[in-house]
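Beneath this line is the structure, given in C-alpha coordinates, with notes to follow.
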Amino acid sequence: MLEKEIALFQENPDLSVGYNLFFDYYVRFLNNFAIIILGFLIILLLTPLFNMEYSTHMDGLILSSKKGKRALIYGKLCTALITITIVHVLVIGLYSLLCGAFWGFDGGGTSLSAMFYDPFQYILSPYGLTMGQFYLISVAISFCACIGIGAFTILLSSKIRNPVLCMSIVLTAFFVPVLIYALSGTNEIQNIINYSYGRIMQVAPLFCRYRGMVVFGKAVSEKDLALVLLGVTTAIFTWLSFRTFKKHEVEN
(Lines give C-alpha, C1' and ligand atoms only; values in the text may rest on other atoms or scores of the structure.)
Protein backbone atom coordinates (compact mmCIF):
# COMPACT_ATOMS: atom_id res chain seq x y z
CA MET A 1 0.00 0.00 0.00
CA LEU A 2 2.93 2.32 0.69
CA GLU A 3 4.23 1.67 -2.83
CA LYS A 4 0.80 2.54 -4.23
CA GLU A 5 0.82 5.82 -2.29
CA ILE A 6 4.29 6.72 -3.54
CA ALA A 7 3.29 5.88 -7.11
CA LEU A 8 0.18 8.05 -6.80
CA PHE A 9 2.22 11.05 -5.69
CA GLN A 10 4.71 10.46 -8.50
CA GLU A 11 1.90 10.43 -11.05
CA ASN A 12 0.41 13.59 -9.54
CA PRO A 13 3.33 15.79 -8.42
CA ASP A 14 1.02 18.76 -7.70
CA LEU A 15 -0.77 16.92 -4.90
CA SER A 16 0.05 18.04 -1.37
CA VAL A 17 -0.31 16.26 1.94
CA GLY A 18 -3.92 16.51 3.05
CA TYR A 19 -5.42 16.62 -0.43
CA ASN A 20 -7.75 13.77 0.58
CA LEU A 21 -9.20 15.72 3.50
CA PHE A 22 -12.75 15.22 2.22
CA PHE A 23 -12.56 11.49 2.93
CA ASP A 24 -10.58 12.03 6.12
CA TYR A 25 -13.16 14.37 7.63
CA TYR A 26 -15.98 12.13 6.43
CA VAL A 27 -14.54 9.09 8.24
CA ARG A 28 -14.08 11.14 11.42
CA PHE A 29 -17.66 12.42 11.17
CA LEU A 30 -19.01 8.91 10.60
CA ASN A 31 -17.14 7.53 13.61
CA ASN A 32 -17.90 10.27 16.10
CA PHE A 33 -20.96 12.37 15.26
CA ALA A 34 -23.08 10.74 12.56
CA ILE A 35 -24.23 7.87 14.76
CA ILE A 36 -25.45 10.30 17.43
CA ILE A 37 -27.44 12.38 14.94
CA LEU A 38 -28.77 9.45 12.89
CA GLY A 39 -29.63 7.28 15.88
CA PHE A 40 -31.44 10.01 17.78
CA LEU A 41 -33.44 11.31 14.79
CA ILE A 42 -34.54 7.87 13.61
CA ILE A 43 -35.62 6.77 17.08
CA LEU A 44 -37.38 10.08 17.73
CA LEU A 45 -39.32 10.02 14.45
CA LEU A 46 -40.25 6.33 14.40
CA THR A 47 -41.18 5.76 18.05
CA PRO A 48 -44.77 7.11 17.64
CA LEU A 49 -45.35 5.12 14.45
CA PHE A 50 -47.66 2.52 16.00
CA ASN A 51 -48.15 3.47 19.62
CA MET A 52 -49.53 6.87 18.64
CA GLU A 53 -52.81 5.09 17.86
CA TYR A 54 -52.72 3.48 21.31
CA SER A 55 -52.15 6.73 23.20
CA THR A 56 -54.78 8.67 21.21
CA HIS A 57 -57.23 5.73 21.18
CA MET A 58 -57.43 5.87 17.40
CA ASP A 59 -56.70 2.15 17.21
CA GLY A 60 -60.39 1.42 17.78
CA LEU A 61 -61.42 3.37 14.69
CA ILE A 62 -58.64 1.91 12.54
CA LEU A 63 -59.22 -1.69 13.58
CA SER A 64 -62.96 -1.40 13.02
CA SER A 65 -62.49 -0.67 9.31
CA LYS A 66 -62.77 -3.56 6.88
CA LYS A 67 -59.51 -3.12 4.96
CA GLY A 68 -57.88 -0.36 6.93
CA LYS A 69 -55.61 -2.44 9.11
CA ARG A 70 -53.49 -4.12 6.44
CA ALA A 71 -53.27 -0.98 4.31
CA LEU A 72 -52.32 1.05 7.38
CA ILE A 73 -49.51 -1.32 8.33
CA TYR A 74 -48.03 -1.30 4.83
CA GLY A 75 -48.36 2.47 4.73
CA LYS A 76 -46.59 2.88 8.06
CA LEU A 77 -43.73 0.58 7.08
CA CYS A 78 -43.28 2.46 3.80
CA THR A 79 -43.38 5.75 5.70
CA ALA A 80 -40.72 4.48 8.08
CA LEU A 81 -38.43 3.50 5.19
CA ILE A 82 -38.93 6.89 3.51
CA THR A 83 -38.24 8.67 6.81
CA ILE A 84 -35.02 6.72 7.36
CA THR A 85 -33.92 7.43 3.79
CA ILE A 86 -34.58 11.16 4.08
CA VAL A 87 -32.77 11.42 7.43
CA HIS A 88 -29.77 9.48 6.13
CA VAL A 89 -29.54 11.46 2.89
CA LEU A 90 -29.82 14.78 4.73
CA VAL A 91 -27.21 13.95 7.38
CA ILE A 92 -24.64 12.12 5.24
CA GLY A 93 -25.39 13.98 2.02
CA LEU A 94 -25.34 17.45 3.54
CA TYR A 95 -22.10 16.80 5.40
CA SER A 96 -20.51 15.37 2.24
CA LEU A 97 -21.50 18.44 0.24
CA LEU A 98 -20.11 20.77 2.91
CA CYS A 99 -16.85 18.83 3.06
CA GLY A 100 -16.65 18.86 -0.73
CA ALA A 101 -17.23 22.60 -0.81
CA PHE A 102 -14.37 23.24 1.63
CA TRP A 103 -11.87 20.53 0.72
CA GLY A 104 -12.87 19.26 -2.72
CA PHE A 105 -13.46 15.64 -3.66
CA ASP A 106 -9.90 14.71 -4.63
CA GLY A 107 -8.00 11.83 -3.08
CA GLY A 108 -10.46 9.01 -3.51
CA GLY A 109 -7.76 6.84 -5.05
CA THR A 110 -5.57 6.86 -1.95
CA SER A 111 -5.58 3.82 0.28
CA LEU A 112 -7.66 3.84 3.44
CA SER A 113 -4.46 3.61 5.50
CA ALA A 114 -3.37 7.07 4.27
CA MET A 115 -5.56 8.93 6.73
CA PHE A 116 -4.15 12.40 7.35
CA TYR A 117 -5.12 12.70 11.03
CA ASP A 118 -4.92 9.07 12.09
CA PRO A 119 -2.65 7.16 9.69
CA PHE A 120 -2.62 4.05 11.87
CA GLN A 121 -6.38 3.53 12.25
CA TYR A 122 -6.61 1.26 9.21
CA ILE A 123 -2.99 0.10 9.04
CA LEU A 124 -4.08 -3.45 9.93
CA SER A 125 -7.02 -3.51 7.51
CA PRO A 126 -6.69 -6.48 5.13
CA TYR A 127 -9.30 -5.26 2.65
CA GLY A 128 -7.11 -2.96 0.54
CA LEU A 129 -9.83 -0.37 0.04
CA THR A 130 -9.31 3.07 -1.35
CA MET A 131 -10.92 6.01 0.41
CA GLY A 132 -13.39 6.36 -2.44
CA GLN A 133 -14.41 2.71 -2.18
CA PHE A 134 -14.73 2.96 1.59
CA TYR A 135 -16.93 6.04 1.22
CA LEU A 136 -19.44 4.21 -0.99
CA ILE A 137 -19.39 1.07 1.17
CA SER A 138 -19.76 3.04 4.39
CA VAL A 139 -22.74 5.00 3.05
CA ALA A 140 -24.50 1.72 2.18
CA ILE A 141 -23.68 0.00 5.49
CA SER A 142 -24.64 2.99 7.64
CA PHE A 143 -27.96 3.17 5.76
CA CYS A 144 -28.58 -0.54 6.42
CA ALA A 145 -27.79 0.00 10.11
CA CYS A 146 -30.29 2.87 10.15
CA ILE A 147 -32.93 0.54 8.73
CA GLY A 148 -31.97 -2.02 11.40
CA ILE A 149 -32.44 0.34 14.35
CA GLY A 150 -35.59 1.62 12.65
CA ALA A 151 -37.01 -1.91 12.51
CA PHE A 152 -36.21 -2.42 16.19
CA THR A 153 -37.89 0.88 17.05
CA ILE A 154 -41.00 -0.04 15.06
CA LEU A 155 -41.22 -3.41 16.79
CA LEU A 156 -41.21 -1.84 20.24
CA SER A 157 -43.62 0.84 19.03
CA SER A 158 -46.07 -1.90 18.08
CA LYS A 159 -45.81 -3.54 21.50
CA ILE A 160 -45.34 -0.70 24.02
CA ARG A 161 -48.21 1.72 24.44
CA ASN A 162 -46.23 4.44 26.20
CA PRO A 163 -44.18 6.45 23.64
CA VAL A 164 -41.77 7.80 26.28
CA LEU A 165 -41.03 4.34 27.64
CA CYS A 166 -40.58 2.97 24.12
CA MET A 167 -38.16 5.75 23.16
CA SER A 168 -36.19 5.34 26.38
CA ILE A 169 -35.69 1.62 25.79
CA VAL A 170 -34.54 2.05 22.20
CA LEU A 171 -32.22 4.96 23.04
CA THR A 172 -30.67 2.87 25.81
CA ALA A 173 -30.24 -0.15 23.52
CA PHE A 174 -28.59 2.03 20.87
CA PHE A 175 -26.32 4.35 22.83
CA VAL A 176 -25.30 2.37 25.93
CA PRO A 177 -23.22 -0.23 24.02
CA VAL A 178 -21.31 2.54 22.24
CA LEU A 179 -20.71 4.30 25.56
CA ILE A 180 -19.53 1.07 27.22
CA TYR A 181 -17.14 0.46 24.33
CA ALA A 182 -15.71 3.96 24.62
CA LEU A 183 -15.14 3.64 28.37
CA SER A 184 -13.85 0.09 28.56
CA GLY A 185 -10.57 -1.45 27.51
CA THR A 186 -10.04 -4.25 25.03
CA ASN A 187 -11.95 -7.29 26.26
CA GLU A 188 -14.59 -9.82 25.26
CA ILE A 189 -17.39 -7.35 25.99
CA GLN A 190 -16.05 -5.04 23.30
CA ASN A 191 -16.06 -7.87 20.76
CA ILE A 192 -19.74 -8.48 21.48
CA ILE A 193 -20.53 -4.77 21.29
CA ASN A 194 -19.11 -4.70 17.75
CA TYR A 195 -22.38 -6.35 16.68
CA SER A 196 -24.52 -3.52 18.09
CA TYR A 197 -26.35 -1.03 15.87
CA GLY A 198 -24.16 1.90 16.82
CA ARG A 199 -20.89 0.11 16.10
CA ILE A 200 -22.14 -1.18 12.75
CA MET A 201 -23.33 2.32 11.87
CA GLN A 202 -19.81 3.59 12.51
CA VAL A 203 -18.63 1.11 9.81
CA ALA A 204 -14.96 1.62 10.76
CA PRO A 205 -14.92 -1.24 13.34
CA LEU A 206 -15.83 -3.66 10.55
CA PHE A 207 -12.90 -2.69 8.33
CA CYS A 208 -10.07 -1.45 10.56
CA ARG A 209 -8.75 -4.98 11.17
CA TYR A 210 -9.62 -8.61 10.57
CA ARG A 211 -11.46 -10.47 13.29
CA GLY A 212 -13.01 -13.81 12.56
CA MET A 213 -14.42 -16.99 13.99
CA VAL A 214 -15.20 -20.50 12.85
CA VAL A 215 -18.88 -21.14 12.10
CA PHE A 216 -19.90 -24.65 11.01
CA GLY A 217 -16.30 -25.43 10.16
CA LYS A 218 -15.76 -22.31 8.03
CA ALA A 219 -13.86 -19.12 8.83
CA VAL A 220 -16.23 -16.16 8.91
CA SER A 221 -15.12 -12.57 9.39
CA GLU A 222 -16.73 -10.43 12.06
CA LYS A 223 -17.72 -7.98 9.32
CA ASP A 224 -19.68 -10.56 7.33
CA LEU A 225 -21.29 -12.07 10.42
CA ALA A 226 -22.36 -8.66 11.73
CA LEU A 227 -23.95 -7.71 8.40
CA VAL A 228 -25.77 -11.05 8.12
CA LEU A 229 -27.12 -10.74 11.66
CA LEU A 230 -28.19 -7.18 10.90
CA GLY A 231 -30.12 -8.29 7.83
CA VAL A 232 -31.76 -11.28 9.55
CA THR A 233 -32.83 -9.36 12.67
CA THR A 234 -34.14 -6.46 10.58
CA ALA A 235 -36.34 -8.83 8.56
CA ILE A 236 -37.56 -10.59 11.72
CA PHE A 237 -38.33 -7.35 13.56
CA THR A 238 -40.25 -5.98 10.57
CA TRP A 239 -42.31 -9.18 10.27
CA LEU A 240 -43.02 -9.24 14.02
CA SER A 241 -44.16 -5.61 13.89
CA PHE A 242 -46.56 -6.46 11.08
CA ARG A 243 -47.95 -9.47 12.95
CA THR A 244 -48.23 -7.61 16.26
CA PHE A 245 -50.32 -4.73 14.97
CA LYS A 246 -52.34 -6.99 12.69
CA LYS A 247 -53.40 -9.08 15.70
CA HIS A 248 -53.90 -6.06 17.92
CA GLU A 249 -57.24 -5.92 19.68
CA VAL A 250 -58.79 -2.78 21.13
CA GLU A 251 -58.84 -2.64 24.92
CA ASN A 252 -62.04 -1.54 26.59
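Tabulated values for the structure
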| item | result |
| --- | --- |
| Hits in the range 71-84 (condition: open to solvent by less than 60 Å² (accessible area, probe 1.4 Å) and either out of contact with any helix residue (DSSP H, G or I) (no Cβ under 9 Å at 6 or more places or on another chain) or within 15 Å of residue 153 (Cβ to Cβ) (or both)) | 75, 76, 77, 80, 83, 84 |
| Conditions (1) closer than 22 Å to residue 203 by Cβ; (2) at pLDDT below 90; (3) of a type in the set (Ser, Thr, Tyr); (4) surrounded by 12 or more Cβ atoms within 10 Å (Cβ to Cβ); number of the one not met by residue 95 | (2) |
| Segments classed as helices (runs of 4 or more DSSP H), wholly inside the range 158-229, with at least 1 members that are open to solvent by 20 Å² or more (accessible area, probe 1.4 Å) | 163-183, 188-193, 197-202 |
| Scope the range 173-200; condition of a type in the set (S, T, N, Q) and under 16 Å from the mean Cα position of the chain (by Cα); matching residues | 194, 196 |
| Residue match in the range 130-149 (condition: open to solvent by 70 Å² or more (accessible area, probe 1.4 Å) and under 22 Å from residue 222 (Cα atoms)) | yes |
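The values are calculated or read from the model by the stated rules, or taken from the named source; none is laboratory data. Everything numeric here is computed off the predicted structure, so don't read it as measured data. Backbone-built Cβ (ideal geometry, glycine too); neighbour counts: all protein chains shown. Remember, those area values only see protein heavy atoms, side chains included, never the ligands or the DNA or RNA. Shrake-Rupley method; radii C 1.70, N 1.55, O 1.52, S 1.80 Å.
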